[in-house]
Amino acid sequence: MSIHISAEQGQIAETVLLPGDPLRAKNIAETMLKDIICFNQVRGMLGFTGTYNGKRVSVMGSGMGIPTLSIYVNELLSEYKVKNIIRVGTCGALQPDLKVGDLVLAMTTSTDSHINKLRFNGMDYAPSADFDLLLKAYNAAVFRKVNVKVGGILSSDTFYYDDLEYWKKWAQYGALVVEMESAGLYTLAAKFNAKALSILTVSDSLVTHASASSEQCEKDFPLMAEIALEITE
Ligand code: HPA
């Protein structure tokens, strides 16, 4: 047991899929894994372990934002010796050529969070994806003929900005999308010598104000999980 995860040692697999929403974790476990056990219910942050094509894999919610995700990722990496974490989440497009439903693989992530300023005494750190996972996910997406882009993203601490133009600076400097977690994930994976990747589906666009219907979300979400499960084999 760790402070926020009630699993026994050995109940969590070396590879963990990490959607933000714990109910998505439950759905992935129930529809895509076999022989599942639930290893965590603390604070409703559901976590499950099962098998995918015979390989042991876990799936757990991270919650929203870098601080919440960081609590769970810290405990998964330090207490449960997890080796691979793949975030499967949604994001907002910052570029006009990204459409709702497109896939983005976050190669690196800028952030307006101060979490790494605190960690590195005011200096900058460049959180990056694991190249092996990134390449495999890219190939899996191309094989499926999905629209996929690889590049830098923004992990923001804010969803509701006061300044509605705020995102444009990041867009100008090439950030593909905005979400709220990956900078925390990539930094902690580096600290604990683990591999991490964020596979993101565009759920809305800050450029066009388009947003995914709930039917579209239902359709798009399993694809990310499928790719994540496939590349961990
Ligand atoms: N902003 C931040 N996080 C998000 C967004 C967004 O527009 N869409 C999905 N996750």
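Each residue in region 179-203 was checked for being of a type in the set (Ser, Thr, Tyr), in a helix (DSSP H, G or I) and within 9 Å of the chain's Cα centre (by Cα), and 1 pass.
Looking across region 75-94, the residues that are in contact with a strand residue (DSSP E or B) (Cβ under 8 Å, 6 or more places away or on another chain) and assigned to a loop (DSSP other than H, G, I, E, B) come down to 82, 83, 94. Against the numbered list (1) in contact (Cβ under 8 Å) with a residue 40 or more places away in the chain; (2) surrounded by fewer than 18 Cβ atoms within 10 Å (Cβ to Cβ); (3) in contact with a helix residue (DSSP H, G or I) (Cβ under 8 Å, 6 or more places away or on another chain), residue 132 comes up short only at (3). Residues of region 135-153 that are open to solvent by less than 20 Å² (accessible area, probe 1.4 Å), outside any helix (DSSP H, G or I) and either out of contact with any strand residue (DSSP E or B) (no Cβ under 9 Å at 6 or more places or on another chain) or hydrophobic (A, V, I, L, M, F, W, C) (or both): 153 alone. Taken over region 154-193, residues that are more than 14 Å from the ligand (Cβ to nearest atom), crowded, with 22+ Cβ neighbours inside 10 Å and small (Gly, Ala, Ser) amount to 1. On the stretch given as region 194-209, residues that are more than 13 Å from the ligand (Cβ to nearest atom) and open to solvent by less than 10 Å² (accessible area, probe 1.4 Å) total 3.
The values are calculated or read from the model by the stated rules, or taken from the named source; none is laboratory data. Since we're looking at a predicted model, the values are computed, not measured. Cβ coordinates were reconstructed from backbone atoms using ideal geometry, including for glycine residues, and neighbour counts include every protein chain displayed. Side chains are part of the model used for accessible areas, which takes the heavy atoms of the whole protein and leaves out ligands, DNA and RNA. Shrake-Rupley method; radii C 1.70, N 1.55, O 1.52, S 1.80 Å.
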